[in-house]
1. Using only Cα atoms, tell me the angle between helix 143-158 and the longest principal axis of the chain; keep it within 0 to 90° and round to the nearest 10.
2. Classify segment 98-192 as rounded, prolate or oblate from the Cα gyration tensor: take a ≥ b ≥ c as the square roots of its eigenvalues, call it rounded if a/c is under 1.5, otherwise prolate when a/b beats b/c and oblate if not.
3. Hey, could you grab the Kirkwood Rh for segment 150-211? Inverse mean 1/r over distinct alpha carbon pairs, Å, one decimal.
4. Most fluctuating residue of 118, 94, 329 in a GNM of the chain with Cα springs under 10 Å: which is it?
5. Which of 107, 183, 236 moves the most in a Gaussian network model of the chain with Cα springs under 10 Å?
6. May I ask you to derive the relative contact order of segment 267-402, considering only C-alpha pairs under 8 Å and at least 6 residues apart, and to give it as an integer percent?
7. With a cut-off of 8 Å between alpha carbons and a minimum separation of six or more residues, what is the relative contact order of the chain in percent?
8. Under the rule a/c < 1.5 gives rounded, and otherwise a/b versus b/c splits prolate from oblate, where does segment 171-312 land using the Cα gyration tensor?
């Protein structure tokens, strides 16, 4: 049975900051960048007011912010940071270090277009660029999910079978600066759910079983020079951890649902049971798309959608099970992969259906770059196109760009 909760009016950034306040991590290191700034700005107020015990480190760059988190997490602290777009790009080197060293850092990414020309509004190019960096990536539909996902992220990252950093992604301005009603759990419930950080054990240089943290009393090496004699094996350990993460994400999502009444998985289907045409996508647009599906259902069109919450690890089996019997799938990408045949999500979806005996027709719709709006009427255009493909059995143009002026 869900615990009693309080409704708060919060934008997406404030929802993230409030969740972090309730977790009360040991270290937050951050540098401001629009549209993320509100997260660390609000959290710094909690620090100044004595509402948390966190060491807040105001650094000179995003590269330094994640570097500080790496040092803190390696020493046994819980560490958090947040960034967007160019800030994430400046962290690039450290992204790989954090995941390779198996440090369970949590980071909020407020998705924003990468410059240039300079643009401060939403698309997914920043997170998509980091998709191969070894971080778990969770995409949120609304501010409620941003709040809930940040709380769950600590449990996912610190799970003994995972031990990987987690990005919680929310759409810039669309969510980050938009006020919503957010159901918040009591502080003590969040504290109990997250618990204390538990450490996996390893053998140190003397063969002694010790916690995997930097400790002068029990010295170990984290992040050493790793040449061809062992590097590949260490990459396999990361691959194995990412392979175990889907089960952990689902288990923790269900456990959180018992507390809150809001259960989360790897994917979230909507009216897919008898659907003939469906769209697949990430983030806030999928909330708008549910309204369009409802309108089409009223007209007798068998439409549905699949929102992907976990982009990394990519939920292959869940996607196949939900979409394998559809006539046509439209994949929505809020990012472009220059020189590739379609967007990042499209290529993932198309790839997993290659070996299936029954393959839906799959079309790609790239939209919303630099924050261009995706209102219901534009989504209706996509569904109209999917209906035509279903009727003719042919895709005239596989990759389409939606909302571009002619």
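Values quoted throughout were computed directly from the atomic coordinates according to the rules given, and no laboratory measurement underlies them. On a predicted model such as this, the values are computed, not experimentally measured, just so you know. Every residue, glycine as well, gets a Cβ built from its backbone with ideal geometry; the counts of neighbours run over all protein chains shown.
1. It is inclined by approximately 50 degrees.
2. Details: a/c = 3.13, a/b = 1.14, b/c = 2.74.
Oblate, since a/c reaches 1.5 and b/c is not below a/b.
3. On the way: mean 1/r = 0.0677 Å⁻¹.
14.8 Å is the Kirkwood radius here.
4. Sorting by GNM fluctuation, first place goes to 118.
5. 236
6. Across segment 267-402, relative contact order equals 27 percent.
7. Values: 844 pairs, mean separation 64.5, N = 406.
Relative contact order comes out at 16 percent.
8. Details: a/c = 2.97, a/b = 1.97, b/c = 1.51.
Prolate, since a/c reaches 1.5 and a/b exceeds b/c.
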